[in-house]
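Trainee: Dropping the structure in here first, questions after.
Where a number appears in this text, it was derived from the coordinates with a stated rule and is not lab data. Since the structure is predicted, the reported quantities are computational estimates derived from the model, not experimental observations. A quick note on method: Cβ atoms are made from the backbone with ideal geometry, for glycine too, and the neighbour counts reach across all protein chains shown.
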Amino acid sequence: MLLEIRERRVGDVVILDLIGKITIGEGSVQLRDSVSRLLDQGSNRIILNLGGVTYVDSSGIGELVSRYTTTKNTGGRLKLLSLPKKIKDLLMITKLLTVFEIYEDEQVALESF
């Protein structure tokens with residue numbers, strides 16, 4: 001299954017619901033393009049909802065870090081929501097868990113802006 005990205009807006013925050021795999025090739029490209037488009041439109045408060053993500057490879061992790069950095073460099077903030085256990089473990093092993101702001105509750109994530 002490829003990556004499906006559903007976009008929602010709550011006030012000035014954009015939530016991207018990700019469903020499927022973030023892997024080298026199409027999955028990471030879709031994520032990059034979606035976040036880049038939002039930043040180009042001036043939307044720089046972004047939540048990536050990973051609750052529907054079934055797999056992330058090293059390229060996908062790299063893309064998450066890249067999107068986080070790019071968003072931060074534009075004066076924005078990118079936060080992660082609803083990490084599946086496998087992805088949370090992967091971020092812990094790679095010591096990236098402390099880089100991201102991670103939330104389990106969407107309302108709490110929204111209020112953190």
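Trainee: As a check on your grasp of the helix formula, calculate [θ] at 222 nm for the chain: sum -39500 (n - 2.57) over DSSP H runs of n ≥ 4, divide by the residue count, round to the nearest 500. Each step should come with its number before you reach the end.
Mentor: Numbers: 4 runs with 46 residues, N = 113.
So the calculated ellipticity at 222 nm is -12500 deg cm²/dmol.
Trainee: At 20 °C and a viscosity of 1.002 mPa s, what translational diffusion coefficient does Stokes-Einstein give for region 4-104, taking Rh as the Kirkwood radius over Cα pairs? Give it in µm²/s as a whole number. Each step should come with its number before you reach the end.
Mentor: Numbers: Rh = 13.3 Å.
In µm²/s, the coefficient is 161.
Trainee: Mind giving me the nanometre distance, one decimal, between the label points for V99 and S36, set 7 Å out from Cα along Cα→Cβ?
Mentor: Rounded to a tenth, the inter-label distance reads 1.9 nm.
Trainee: Right, next: Within region 12-113, how many lysine pairs that are 8 or more places apart, or on different chains, have C-alpha atoms less than 17 Å apart?
Mentor: Values: K21/K85; K21/K86; K21/K88; K79/K88; K79/K95; K85/K95; K86/K95.
Taking the Cα cut-off of 17 Å, the pair count is 7.
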